[in-house]
Each structure stands twice: as C-alpha cells, then as structure tokens.
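Everything below concerns the one structure shown next.
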Amino acid sequence: MAHIHLPDGAFSIQWIITWWILAVIILGLCLYWLKKVKKIDNKTITLAAMLTAASFAIFQVNIPLFGGVHMTLTPLTGILAGPVIGSIIVLIVNILSAAIGHGGWGMIGANLLVNITEVTVAYGIYKALSKINLDTFSKAGIGTIIGLLFGNIAMLLIILISGIQGVNQDIQPLLYGLSLIAAVNMGVAIIESFITGYVVSYIKRVRPDILAEESHAGAK
Amino acid sequence: MLEQNNKKGTIIFGTIVLIFLALCVFAYMITGDKGIEERFSNAAGLPGELEGGDNGIIGFTLEGNNLSYLIILAMGLGATAILYKKYRV
C-alpha cells in the first residue's frame, strides 16, 4: 500500500491546505452523490462498518517484511463498497490512525488522495475486467496490484509537487529514493493482491449479493 | 469456456505478480533492510528515524498507541456487530 510516512512539518502549510481542500472537494462530491443519487441502504452501512474496522485493524500492524511494511485493504474496500463509500471509509481510517499516533494530522489530506486513488482504480479495474469474464480471484488480484501501483504514483507525485520543507535536495535524488520506496511497496501489493483475491472469491461463493456486480445482475 | 477464462486470468495475474516481485526484490537489494519511516526519511533527506526496540509478536508490531488501538478496534467491531444484528444482513 501507499501511504506518505512523513512527519507533520515535512510539507509547507500551503501544500497541506491544498491537499486537504482537494480531498474535501472529492469527499463532498461523494456525500452529495450518496444523498442525491444513490441512497445508502442498511446492507451497505453494515458492510462499510465492517470494512472500516478491518482496514483500521490491519493498517496499524507493522509487518516484518522488507524491513517493515503496512497494508490498508484499500483495494478490497473499493471492490466491495465502491469508490464513493470507499472514499469515506479511508477518511475515517486515516483520522482514527492519526488519533492513535500513526501518521500526522497534516498529512491526512495528502494520504486521502493517495488512498482514494487506490480505492477508485482497484474498483475500476475489477469492473473493467468483468467485461472480459476473467475469474473472480484474478480480477480482484489484478485490480489490487494496479490500484496500489496508481496509489504509489499518486504518493510520488504529491511529494514531488509539495517538496520537503527545510531540505536542500534536488528533484532527481528525491525521485530516485521515492521510486525505490514505491518498488518495495509493490512487493507488499502482491501479498495484498492474494488476500483481496481470496476474500473476494470467498464472498462471491458464500454471499454473492454483497458484490456490487451480483446485486445489479440480480436487480435486472 | 469458464476454465479457459480462469487459465487466462491466472496467466495475466501471474505475469503481473512476477514483474512486480522482481522489481521489489531489486529495490530491496538497493535500499537494504529498513523500516518504512526510515526509508521515507532517507529518500526525503530528513534526519533518519531509527525504528526498533519493540520486537512485537514474531516481528509484528503495532503503530501508534497500543491501548488506543485496542479501544478503537473494540468500538469498531462492536458497532459492526450491532449493525449486523440490527439489520440482519
């Protein structure tokens, strides 16, 4: 997964505000869509609560791989809940994480944009692959890897655009260092892709109504 | 047909996994064994934060305040259980 693990103060105040404003606009659109276009039902509320708890639980665990890494389950959130509810889930998880001291408050805006990218791309890829009839495990696995790849790209771009306060470093070594982080993160993305693949396949087998595509098919 | 699609999916997924696994191992060999915060600090040119001390359970450790984590997690699971029971989903 991609998450900006920089302390508060690493970004200047104008960039912290900029990323927060962008994140708030996206979240505002999500809430508007939920209020006006798609009314949220009881099943979705329960699913969102479960995904929030699971994502929060997993995200705080430092996994002893490649020196220490984290997972967020953002692609799983996107595939099961969709990008709109998924964006609200990642907002709650980021706030709760900052509340227990994992990540800075100022970084929430930027990290939200990274996580929303992961949620949205994973959902989009999973949906797009449904059209060519791949098996559920592969669709979810590919969606996860591509979603997390785009999350890493978003993370890289946000840091490059913001720059690091108080550090006199050229863009080239920064880009090189961040690319290495993104590449190591992709190793974690592989593990996450297997977990997402198995969970989505299992849900499709025992509770196909939970998956959005199945619900739509059933409604037709 | 279904079996053919499963095979196609496995091939595409397997290829992507192998590409990113090779990329990850290559990057890990360059950077060495470092924690995520240390990796970030090094890349950004910030003074390095040395992680360590608590070895956790077989290397798995918790970020942030452990007690707050357990309280929030218990509340989250409790809320999920109540919603699950109430709405009978």
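By the count of other C-beta atoms within 10 Å, a proxy for reagent exposure, B:Thr10, B:Thr61 are ordered fewest to most as B:Thr10, B:Thr61. Taking Cα centre as origin and charging only the Cβ of basic (Lys, Arg, +1) and acidic (Asp, Glu, -1) residues, the dipole magnitude of segment A:13-215 rounds to 580 debye. In order along segment A:176-186, phi translates into HN-Hα couplings of 4, x, 5, 5, 5, 4, 4, 5, 5, 4, 5 Hz, rounded to whole numbers, per the Karplus curve 6.51 cos²θ - 1.76 cosθ + 1.60 with θ = phi - 60° and x for Gly and Pro. Distant-in-sequence amide contacts of A:Val69, defined by a placed amide H-H separation under 5 Å and a gap of 5 or more residues or a different chain, comprise A:Ile63.
Within segment A:5-47, the trypsin sites (Lys or Arg not before Pro) that combine a DSSP coil assignment with at most 16 other C-beta atoms in a 10 angstrom radius are A:Lys38, A:Lys39.
The sum of -39500 (n - 2.57) across all DSSP H runs of n ≥ 4, divided by the residue count of chain A, sets its helix-only mean residue ellipticity at 222 nm to -26000 deg cm²/dmol. Among the residues of B:70-78, the average count of other protein chain beta-carbon atoms within 10 Å of the residue beta-carbon is 4.
Listing B:Leu62, A:Leu160, A:Leu80, A:Leu113 from fewest to most neighbouring C-beta atoms within 10 Å gives A:Leu160, B:Leu62, A:Leu113, A:Leu80. Of the chymotrypsin sites (Phe, Trp or Tyr not before Pro) found in segment A:98-149, those in coil by DSSP whose Cβ has at most 15 other Cβ atoms within 10 Å are A:Trp105.
Between the amide H of A:Met107 and any residue lying 5 or more places away or on another chain, no distance stays under 5 Å, with hydrogens modeled in the peptide plane. Sequentially through segment A:152-169, phi angles give Karplus couplings (6.51, -1.76, 1.60; θ = phi - 60°) of 5, 5, 4, 4, 4, 5, 4, 5, 5, 5, 6, x, 10, 5, x, 10, 9, 10 Hz, Gly and Pro residues having no value and appearing as x. Sparsely packed loop sites in segment A:124-179 (the trypsin sites (Lys or Arg not before Pro) outside DSSP H, G, I, E and B with at most 10 other Cβ atoms within 10 Å) comprise A:Lys131. Less than 5 angstrom separates the built amide H of B:Leu62 from those of A:Asn62, all sequence-distant by 5 or more or on a different chain. So, in Å, what gap is there between the alpha-carbon centers of segment A:143-178 and segment A:1-63? Going from one Cα centre to the other spans 19 Å. Ranked for footprinting exposure by Cβ neighbours inside 10 Å, fewest first, A:Thr144, A:Thr52 give A:Thr52, A:Thr144.
Relative contact order of segment A:1-77: 27 percent, from C-alpha pairs under 8 Å at least 6 residues apart in sequence. Working note: Karplus 6.51/-1.76/1.60 with θ = phi - 60° gives segment B:66-71 the couplings 5, 5, 4, 4, 5, 5 Hz, where Gly and Pro are set to x.
Values quoted throughout were computed directly from the atomic coordinates according to the rules given, and no laboratory measurement underlies them. The structure presented is a predicted model; accordingly, all values stated were derived computationally and were not measured. Every residue, glycine among them, receives a Cβ derived from its backbone with ideal geometry; neighbour counts consider all protein chains shown.
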